[in-house]
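In what follows, a single structure is set out as structure tokens and then discussed.
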Amino acid sequence: MIDALTLWGYWRSSTSYRIRIALGLKSLRHDYRPINLKLGEQKSEDYLAVNPHGTVPLFQAGDVQMTQSLAILDWLDATYPDPAFVPTDAPELCRDLYYAVATEIHAPNNLAVLKYLRTEFGADQAAIEAWYATWIAKTFAPVEARLAAHTWASPDLPFGQPTLFEIVLIPQVYNARRWKTDLLAYPLIAKIDAHCATLEAFDRARPENQIDAT
Ligand SMILES: N[C@@H](CCC(=O)N[C@@H](CS)C(=O)NCC(=O)O)C(=O)O
């Protein structure tokens, strides 16, 4: 078994947040190396030499090095199968909701895109907030409807256990709140979020609980 796990991340990065939750759920100890996105450390020569994407997370386990959060989640689940990230009940729905949340919201709302909107299109703060809320609603609305149509495996979690879906959902709920998006329209998503907040792996992974939080 691989023993040295290292995560380069940033406290407010939602993709780093995904990996922190996953490592916690698998009870995996790891070194955390902060990369300050605000100071542009992700574009430093030294960092780019290791991660040419110039983004976080960066994950290392022995000889394995990965830069994509979903690939890292796949690797963690394959390498450390217990507890499983995909439920035996309704695995297809779980994966479908996981990909919806993981791929449709973060891509248009990530830091580099928001910066581009500001610098190349002159978007002001109000325009950026409207943009942000648009992409959250576009995915949260159908996810909420599908959660309502599903028979939940437990009162607080649709699949009865934390899965890939919750691992990517909770960081997006955190971001939605931060960007003043009203969550009243998504009571089931809010319920899942409230339950996850009671679980140690999710609590320890919260941005405010990281050593680089300011
Ligand atoms: N596809 C990558 C995206 C990583 C990504 O965009 N990370 C953001 C933080 S959440 C970042 O490092 N942004 C800094 C930048 O683009 O300069 C993943 O899923 O891990």
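The values are calculated or read from the model by the stated rules, or taken from the named source; none is laboratory data. For clarity, every value in this text was computed on a predicted model and none was experimentally measured. All Cβ positions, even for glycine, are placed from backbone atoms using ideal geometry, and neighbour counts span all protein chains on display. Accessible surface areas use protein heavy atoms only, side chains included; no ligands, DNA or RNA. Shrake-Rupley method; radii C 1.70, N 1.55, O 1.52, S 1.80 Å.
Computed on the Cα trace of the range 119-175, the radius of gyration divided by the Kirkwood hydrodynamic radius gives Rg/Rh = 1.14. A Förster radius of 41 Å, combined with the Cβ-Cβ distance separating Asp96 from Gln125, puts the computed FRET efficiency at roughly 0.75. Summed over the residues of the range 7-83 and divided among them, the accessible surface reaches 48 Å² per residue at a probe radius of 1.4 Å. Computed from the C-beta positions of Val50 and His195 and an R0 of 41 Å, the FRET efficiency is 0.65 to the nearest 0.05. Expressed as a fraction of 2.2 N^0.38 Å, the value expected for a compact globular protein of N residues, the C-alpha radius of gyration of the range 7-83 is 1.06.
Taking the charge dipole of the range 53-185 about its Cα centre, with +1 at Lys and Arg Cβ atoms and -1 at Asp and Glu Cβ atoms, the residue from Thr151, Thr119, Ile167 reaching farthest to the positive side is Thr119. Using only the Cα atoms of the chain, build the gyration tensor, take square roots of its eigenvalues as a ≥ b ≥ c, and label the shape rounded, prolate or oblate: rounded if a/c is under 1.5, else prolate if a/b is larger than b/c, else oblate. The shape class here is oblate. Extension gain for Ala112 to Leu70 (0.36 nm times residue separation, less C-alpha to C-alpha distance): 13.2 nm. Where a ≥ b ≥ c are the square roots of the eigenvalues of the C-alpha gyration tensor, would you call the range 91-202 rounded, which needs a/c under 1.5, or, failing that, prolate if a/b is larger than b/c, or oblate? Here the range 91-202 falls in the prolate category. In the chain the longest region clear of trypsin sites (Lys or Arg not before Pro) that are loop-assigned by DSSP and have at most 11 other C-beta atoms within 10 Å covers 39-179.
In the chain, helices alone account for a calculated mean residue ellipticity at 222 nm of -16500 deg cm²/dmol, with every DSSP H run of four or more residues adding -39,500 (n - 2.57). Distance between the pseudo-spin-label points of His150 and Arg33 (7 Å out from Cα toward the beta carbon): 3.6 nm. Each Lys and Arg Cβ is given +1 and each Asp and Glu Cβ -1; about its Cα centre, the range 7-83 then shows a dipole of about 360 debye.
Each DSSP beta bridge with both residues in the chain is either parallel or antiparallel, and the antiparallel ones are about 65%. With the chain treated as a Gaussian network of Cα nodes joined by springs under 10 Å, which of Ala197, Ala100, Ala130 yields the largest mean-square fluctuation? Between Ala197, Ala100, Ala130, it is Ala130 that shows the largest mean-square fluctuation. Taking the Cα centre of the chain as reference, the dipole from Cβ charges on Lys and Arg (+1) and Asp and Glu (-1) amounts to some 460 debye.
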